1. Which Cα, out of Gly56, Thr66, Ile35, lies furthest along the positive dipole direction of the stretch 1-88 (beta carbon charges, K/R +1, D/E -1)?
2. Quick query: amide H of Glu53 versus all other amide H atoms, modeled in the peptide plane; which residues come in under 5 Å with a sequence gap of 5 or more or a different chain?
3. Could the peptides 138-144, 47-53 be put in order, highest first, of the mean number of other beta-carbon atoms found within 10 Å of their residues?
4. Compute, for Glu5, the solvent-accessible surface of its heavy atoms (probe 1.4 Å) with the complete set of protein chains present, and express it in square angstrom to the nearest 10.
5. Quick one: with all protein chains in place, what share of the accessible area of the chain is carbon or sulfur, to the nearest percent (1.4 Å probe)?
6. Considering lysine pairs in the chain that are 8 or more places apart or on different chains, how many have Cα atoms under 17 Å apart?
7. Add +1 for every Lys or Arg and -1 for every Asp or Glu among the other residues with Cβ under 15 Å from the Cβ of Thr74, and state the total.
8. Only four residue types carry charge here, +1 at the Cβ of Lys and Arg and -1 at the Cβ of Asp and Glu. Report the dipole size of the chain about the Cα centre in Debye, rounded to the nearest 20.
Amino acid sequence: MALLEVEHLNKSFGATSVLKDISFSLDEGHSVAIIGSSGSGKTTLLRCLNFLETPGAGRITVAGETLYDGTAVTDEHALRQKRLHFGLVFQSFNLFPQYTALENVTLAVKLREPSKSKWAAIDAHGLELLERMGLADRAGHYPHQLSGGQQQRVAIARALALSPDVLCFDEPTSALDPELTGEVLKVIRSLADQHTTMVIVTHEMAFARDVADEVIFMDGGVIVEKGPAREVIDHPREERTRQFLARYAQA
Ligand SMILES: Nc1ncnc2c1ncn2[C@@H]1O[C@H](COP(=O)(O)OP(=O)(O)OP(=O)(O)O)[C@@H](O)[C@H]1O
Ligand SMILES: [Mg+2]
């Protein structure tokens, strides 16, 4: 059964229509890579899923619960509850500079848990997540003491700490030097191996092909093509997908 169901999602900024009738579903434990050229609406789609933007129309359902049905959610408490279904890892890490790696991971969880007697368990879980990211020895380091790849892995641990149903990535490696990209992709690959449900916006075509179960190609705010990752990347059916992939192959 689909864990995430997106139906007929639309989003405009003023007169500009940015998402046009976006529909797709994602099974629990599966991952989908979203590819497409600049301005095609990938970030806007992730921001709508994470309730950082209000769509204009459509439906978003997670685990059978309708989170968005076409009516704008304005109540702050309701928004926070809906956002908890999703985790989002940005291109630019966005760690709090004044907090250590472990504090960055646990902060949001502690804010939701007023009973301080539970904080030791939250710290233990935070450490475990950092360990999974290969950062056990960096828990007490501040962001400026970490490489970009390490900071991004802390950001992934932070997103996982709130146990989202769906973990979203927006070009998680595009701000990194090539030698640091591999360590972040390796962590995302291991999350896929552990059947984390993920929506990954990426420009890494080989990664999308090898790690994601499915690929969605977006252009001009519409889904042009979607299907099993290897089929879409190796044997695209649509001319627009072929042209996009050919540009990447040349780069
Ligand atoms: N807050 C906003 N106000 C007005 N227009 C916006 C806003 N955010 C995005 N857009 C427009 O929506 C379109 C899609 O932008 P979006 O950032 O979703 O593209 P993208 O596929 O993520 O591109 P990139 O690969 O460069 O990150 C663009 O034309 C952009 O200018
Ligand atoms: Mg973007």
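1. Of the options given, the answer is Ile35.
2. Hits under the 5 Å cutoff: Cys48.
3. 47-53, 138-144
4. 70
5. Values: 5880 of 11910 Å².
Carbon plus sulfur share of accessible area: 49 percent.
6. On the way: Lys11/Lys20; Lys11/Lys42; Lys20/Lys42; Lys20/Lys226; Lys42/Lys226; Lys110/Lys118.
Lysine pairs satisfying the spacing and distance rule in the chain number 6.
7. Numbers: positive: Arg80, Lys82, Arg83; negative: Glu53, Asp69, Asp75, Glu76.
That works out to -1.
8. Details: 25 positive and 33 negative charges, 94 e Å.
For this selection, approximately 460 debye.
The values are calculated or read from the model by the stated rules, or taken from the named source; none is laboratory data. Keep in mind the model is a prediction, meaning the values are calculated, not measured. Positions of Cβ are generated from backbone atoms using ideal geometry, with glycine treated the same way; all protein chains shown enter the neighbour counts. Remember, those area values only see protein heavy atoms, side chains included, never the ligands or the DNA or RNA. Shrake-Rupley method; radii C 1.70, N 1.55, O 1.52, S 1.80 Å.
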